[in-house]
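Just so it is clear, none of the values below were taken in a lab; they were calculated from the coordinates. Please read all numbers here as calculations on a predicted model, not as lab measurements. As a convention, Cβ positions derive from the backbone with ideal geometry for all residues, glycine included, and neighbour counts pool all protein chains shown.
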Amino acid sequence: MFEKSDKRRLYWLIDQYLVSKIDAGTFCDEFYYSYNLEIDYKILSEEEQEVFSDLSTVVSRFSEFEEDICCYPKAYFTEEQLKKKIVETKEKLKTKSPI
């Protein structure tokens, strides 16, 4: 495991989610703590900043509650949408992964 301020943690979290070692809620919490609160953005490449920022938007608006999705469909993202964004992020950064 990596420190929350280590960009390798972001890549590790993506991998952990994609192999079902962590669930969507845990991924979102941990990604938020690392990316939004701990990472010094200067250590990220421009591409990493852009791609992780896009993922952060989905992470911050993910809801596991069906009533949120039904009542406010444009306000929240589903787990399916979250997973799609995580896979897209991994694909975009596959040559950049430091782990």
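Per-residue counts of other Cβ atoms within 10 Å, averaged by peptide: what ranking do you get for 2-12, 16-26, highest first?
On the way: 2-12: 17.6, 16-26: 13.9.
Sorting 2-12, 16-26 by mean packing, highest first, produces 2-12, 16-26.
Taking the Cβ of LEU82 as the centre, find all other residues whose Cβ is under 14 Å away and add up their charges (Lys, Arg: +1; Asp, Glu: -1). Don't skip to the answer; put the middle values down first.
Details: positive: ARG61, LYS83, LYS84, LYS85, LYS90; negative: ASP23, ASP29, GLU30, ASP54, GLU64, ASP68, GLU79, GLU80, GLU88.
Computed value for this residue: -4.
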Quiz item: If amide H atoms are built 1.01 Å from N in the plane of the peptide, which residues on other chains or at least 5 residues away come under 5 Å of the amide H of PHE62?
Solution: PHE77
Quiz item: Computed from these coordinates, which is percent of Cα pairs over 16 Å apart: [x] 65; [y] 53; [z] 58?
Solution: [y]
Quiz item: Which pairs in the list LYS21/LYS84; LYS4/LYS96; LYS4/LYS74; LYS42/LYS90; LYS7/LYS92; LYS74/LYS94 are over 22 Å apart, alpha-carbon to alpha-carbon?
Solution: LYS4/LYS74; LYS74/LYS94
